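Visitor: Following this message is one structure expressed as structure tokens.
The numbers here are math on the coordinates, done by the rules we state, and not lab data. None of these values were measured; they are calculated from a predicted model. Cβ coordinates were reconstructed from backbone atoms using ideal geometry, including for glycine residues, and neighbour counts include every protein chain displayed.
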Amino acid sequence: MQNLEKDPVFEQQVQKLHRLTVYARWLFVGLLWILIAPICLWNLREEIYLWRQYFTWVAVRYALYFNPLATLGLAFCIGMTVAVLVWQSRNILFGLPKRDREHLEKLVFHIREQGTTHPLWKWIQ
């Protein structure tokens with residue numbers, strides 16, 4: 001494994017796999033906002049109508065309290081978005097942690113061993 005770390009092709013494949021991971025996480029967040037958030041907002045449509053007329057934080061609190069599924073769905077969308085933002089910001093500001101880097105290297109090594117039959121083979125080549 002030590003010899004592979006100095007291989008520029010291996011390094012490039014690790015970077016491609018990391019980029020693919022970033023894209024996959026943002027795709028997941030985007031799908032959450034496209035699929036779950038509109039349903040949750042639709043369930044809150046009457047409350048949103050009232051908010052537009054007389055907005056108070058108490059009205060927001062009661063609307064969210066009495067619509068737990070809509071609240072849970074919106075909280076999940078917001079939570080996943082914040083989690084991906086924090087994860088990507090950490091990687092940009094401080095670099096990829098050693099544990100994550102080793103995981104990506106092991107995965108690239110596994111993909112190389114399996115060859116063209118691995119589903120991610122064409123994505124890292």
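Visitor: Please sort by residue number the trypsin sites (Lys or Arg not before Pro) in segment 43-125 whose DSSP state is loop and whose Cβ has at most 13 other Cβ atoms within 10 Å. Could you put the intermediate results ahead of the total?
Guide: Working: sites: 45, 52, 61, 90, 98, 99, 101, 106, 112, 122; in loops: none.
Here no loop site has a sparse enough neighbourhood.
Visitor: Quick one: plug the Kirkwood hydrodynamic radius of the chain (C-alpha pairs) into Stokes-Einstein at 37 °C, 0.692 mPa s, and report D in µm²/s. The partial results should precede the final answer.
Guide: Details: Rh = 17.7 Å.
D = 186 µm²/s.
Visitor: List the relative contact order of segment 26-85 as a percent without decimals, with contacts defined as Cα pairs under 8 Å and 6+ residues apart.
Guide: Working: 32 pairs, mean separation 29.4, N = 60.
It comes to 49 percent, rounded to a whole number.
Visitor: At a threshold of 8 angstrom on Cα-Cα distance, excluding pairs fewer than six apart, so keeping six or more, what relative contact order does the chain reach in percent? Walk me through the numbers on the way to the answer.
Guide: Numbers: 60 pairs, mean separation 45.5, N = 125.
Worked out over the chain, it gives 36 percent.
Visitor: May I pose another question? Just to check, using Stokes-Einstein with a Kirkwood Rh over alpha carbon pairs, what's the diffusion coefficient of segment 28-77 at 20 °C and 1.002 mPa s in µm²/s? Spell out each step's value before the answer.
Guide: Numbers: Rh = 11.2 Å.
It diffuses with D of about 192 µm²/s by this estimate.
Visitor: First measure r as the distance between the Cβ atoms of residue 66 and residue 19, then evaluate 1/(1 + (r/R0)^6) with R0 = 41 Å and state the FRET efficiency to the nearest 0.05.
Guide: Working: r = 43 Å, r/R0 = 1.05.
About 0.45, to the nearest 0.05.
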